[in-house]
Each structure stands twice: as structure tokens, then as C-alpha cells.
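Heads up: the structure comes next, in C-alpha cells.
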Amino acid sequence: MSETREVIIVGSGPSGLTAAVYAGRAQLAPLVIEGVGAGGQLMLTTDVENFPGFPEGIMGPDLMMRMREQAVRFGAEFVTQDVDRVDLTTTPFTVAAGTIEYKGESIIISTGAAARLLGLESEARLLGHGVSTCATCDGFFFKDKALAVVGGGDSALEEAIFLTKFATSVTVIHRRDELRGSKIMQARAFANEKIKFQWNSEPIDIIGDTRVEGIELRDTVTGETSRLNVDGVFVAIGHTPNTDLFKGQIDLDANGYVITASNSTATSVPGVFAGGDVQDHVYRQAITAAGTGCMAAIESERWLEESHHDQ
Ligand code: NAP
């Protein structure tokens, strides 16, 4: 058992680390439980060209290292462990990692979300080298290239439409012959001349050693295999928010995302705030995660001031 901290931040992607910088500068000495896979989704990317302040671009892991250094500079303390259990039903709140229980007057949840992947060995090997889970992040690298998008939901259609700004053609590969995405997105995708559809198809391999050269598909009806030559593959089969720890303790939406109040990072539990992809399934950008991490730190500071004042 350790002393009660004013703020405990769970997670260390752009949201958690920005919250740590702000909470540190507010003299709250935040404790960041960064997780064993510290740094979040940007650790899986290569060049980040859209984070303001880096006109030449920056590698995802470098950006996260710099954010962490900045948080340390202002007094954030880091624990490199995964959180196993939380108790948000009594104050101070409890965050347990291994055998240690940390107590916090306020908690900032920044546990992020994970893009769902197909689970192919080649997909893991080529991630960041032609395989991507984010068109907004990586589309720019595929000017005048042929691309594939895997999935049939709104994300896949949105990514496909976005990618036509750069690509010569975008083939949407869907495992059924009917899309899951909304009618309006379907209409937009069908009307786009650069978008083709490969129905009843599932990827069984992504071809290429160091860069993507094509994708091997299996027909889900006939079982026949075929090859599609593309320079990039965008996997858009959904995201999973990392909220298992919080189930039953704070309000989550039907897809498992933390529900926050309008224009706020406040959750259903007073003193518990959430920033980044764990509460955002719309923008999912490093800069928006950093923005809501900043909001969470400011809101927790104000909440601590008010609760100390009431005592
Ligand atoms: P989703 O609606 O769950 O769609 C996932 C798609 O991926 C489905 O078509 C699914 O196929 C396919 N899929 C899943 N696992 C697969 C696998 N292992 N192999 C091949 N295909 C697989 O996810 P989403 O598109 O990310 O959307 C999530 C939520 O956000 C939805 O509510 C959506 O409306 C919303 N959203 C809205 C917008 C917008 O309005 N602009 C944009 C993005 C997302 P099946 O159809 O066969 O299951």
C-alpha cells in the first residue's frame, strides 16, 4: 500500500502522457501506470507527419519518448506495469498492478483502443511497411498507388473514400456480399469511380518481404484463392477499446467505449476522467488524444480543488 496520490493516470499513449505533462506542471505529482507495452498505438507506427510542431515528421516511438521525457521533467512518476484491477466504487480510488495497490483521489483513464487485426503473420511483419490501420495517418504515403481496404463497415468505407484522394484505385475486400456500413456511406463509396469491391473474399496472406506487393484472397463461398496486386493494405475491421478493467464500474457505450459528458472528459464517476481513444471512436488521432488528455488533467485539477475546498 502506498500513499494516496492526487492523480493516477492509467495508460501512456498521447492522452496519458499529455495528461501527465499538464498534471505535473500543476504540481499534482501524477503517477502514471504506463503498462508493459508503454506508448500506445504510436509505438506501432513509423513516420508521423501530422503531429503539429514536427515539419519534417517524426517516428511514432520517438514522439512518445519525447512526451514521456517532458512528463518526467515536470515531476510525473512512472510505473511500468499493467493494471490488473481497479476499484472506483470507494474513494480514494484503487488501482492495482501486481501485488501493489495504488490509491488516487482522482483517476485519468487513457488506456486507448486497439485496432482489430486479421491475425496473419505477414500482416504483423508488414505493419508500418505497407500495412496500416489508419488511412488518415498513412494515406499520404500512397500517392498514385493501388490499395486494398479490408472490411465492410463504416470505417472501411470512410477509409476507402479518403484513400481515393491519393491512390489510383482502392479495392474494398469484404467477406460477405453485403456491406455493414450505413446506407449513406455505401452510396458514396458506390458512386466513387476509384473504388472497386471484391465481395465474398477474405485475406489469407499479404504478399511481400519488406513492402507490400499484393494480397492473397480466398473466396468465402467457393474456397478458390486469387491474388490482387496492391502496394498497400488498410485493415479496417473495427477497434476494441481497452475498457475490460472498468466494466461494471463506469458507464460504457454499447461498443465498450467510456462515456464522457459533453465537451468534457468527466465519466459517470465523479473524480474519474477519460481521455484519448478509450472515449473517442470518431477521430482517433494522436493530436485529439493529446487534446482530451490535456482536458482530463485540467478537469481533474479543478475537481481536486473543489473537493479539497469542500472538506
Ligand atoms: P464494424 O461496424 O464492426 O465493421 C467491421 C467490419 O469488418 C464488418 O464489415 C465485418 O464484417 C468486418 N470484419 C470483422 N472482422 C473481420 C475479419 N476477421 N476478417 C474480415 N472482415 C472482418 O466496425 P467499424 O466499421 O470500425 O465501425 C464501428 C462503429 O463506428 C460503427 O457503429 C460505425 O457506424 C461507426 N463509424 C461511423 C463512421 C461514420 O459515420 N463516418 C465512421 C467510422 C465508424 P461483417 O460485416 O461480415 O461482420
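Of note:
- Averaging the Cα positions of each part gives two centres, and for the range 269-285 and the range 78-146 these lie 12 Å apart.
- When M59, M185 are compared by accessible surface with a 1.4 Å probe, the order from highest to lowest is M59, M185.
- Rounded to the nearest 20 debye, dipole of the range 1-83 from Cβ charges on Lys, Arg, Asp, Glu: 220 debye
- Relative to the 2.2 N^0.38 Å rule of thumb, the range 107-170 has a C-alpha radius of gyration ratio of 1.24.
- Sulfur and carbon atoms: percent of accessible area, the chain [1.4 Å]: 49 percent
- Charge dipole (the chain, unit charges on Cβ, about Cα centre) - positive-most of P270, S182, A71: S182
- DSSP-loop GluC sites (Glu not before Pro) across the range 193-293, with at most 14 other Cβ within 10 angstrom: E193, E224
- Heavy-atom accessible surface of I58, to the nearest 10 Å², is about 10 Å², with a 1.4 Å probe and all protein chains retained.
- Judged by the ratio a/c of the largest to the smallest principal axis of the C-alpha gyration tensor, the range 152-211 counts as oblate, that ratio being 1.5 or greater while a/b is no larger than b/c.
- Across the chain, counting alpha-carbon atoms alone, Rg and Dmax equal 21.1, 70 Å.
- Within straight-line reach of K145, meaning a Cα separation under 29 Å, sit the following lysines at least 8 residues removed in sequence or on another chain: K165, K183, K194, K196.
- Shape class for the range 260-311: prolate, because the ratio a/c of the largest to smallest gyration tensor axis (alpha-carbon atoms, square roots of eigenvalues) is 1.5 or more and a/b beats b/c.
- Tilt relative to the chain, helix 154-163 - C-alpha long axis, 0 to 90 degrees, to 10: 70 degrees
- Gyration tensor over the Cα atoms of the range 196-275: the corresponding equivalent ellipsoid has semi-axes (square roots of 5 times the eigenvalues, largest first) of 41, 15, 11 Å.
- Helix 286-310 vs. the chain, principal-axis angle (Cα, 0 to 90°, nearest 10): 20 degrees
- Going by accessible surface with a 1.4 Å probe and the largest first, H308, H174, H129, H239 read H129, H308, H239, H174.
- Sorting the segments 81-90, 134-143 by their mean number of nearby beta carbons within 10 angstrom, highest to lowest, gives 134-143, 81-90.
- Charged-residue dipole, Cβ positions (Lys, Arg, Asp, Glu), the chain about Cα centre, Debye nearest 20: 600 debye
- Residue-normalised accessible area of the chain, expressed per residue, 1.4 Å probe, Å²: 49 Å²
- Whether the range 78-204 is rounded, prolate or oblate, judged on the alpha carbon gyration tensor where a/c under 1.5 counts as rounded: prolate
- Placing unit charges on the Cβ atoms only, positive for Lys and Arg and negative for Asp and Glu, gives the range 42-83 a dipole magnitude near 160 debye about its Cα centre.
- Pair-distance profile P(r), taking every C-alpha pair of the range 135-262, with 10 angstrom steps and integer %: 13, 37, 30, 16, 5
- Mean ellipticity per residue at 222 nm, deg cm²/dmol - from DSSP H runs of n ≥ 4 across the chain, formula -39500 (n - 2.57): -8000 deg cm²/dmol
The values are calculated or read from the model by the stated rules, or taken from the named source; none is laboratory data. These figures come from a predicted structure and were not determined experimentally. Every residue, glycine among them, receives a Cβ derived from its backbone with ideal geometry; neighbour counts consider all protein chains shown. Ligands, DNA and RNA are stripped out before the accessible areas are found, and what is left, the full protein with its side chains, is counted by its heavy atoms. Shrake-Rupley method; radii C 1.70, N 1.55, O 1.52, S 1.80 Å.
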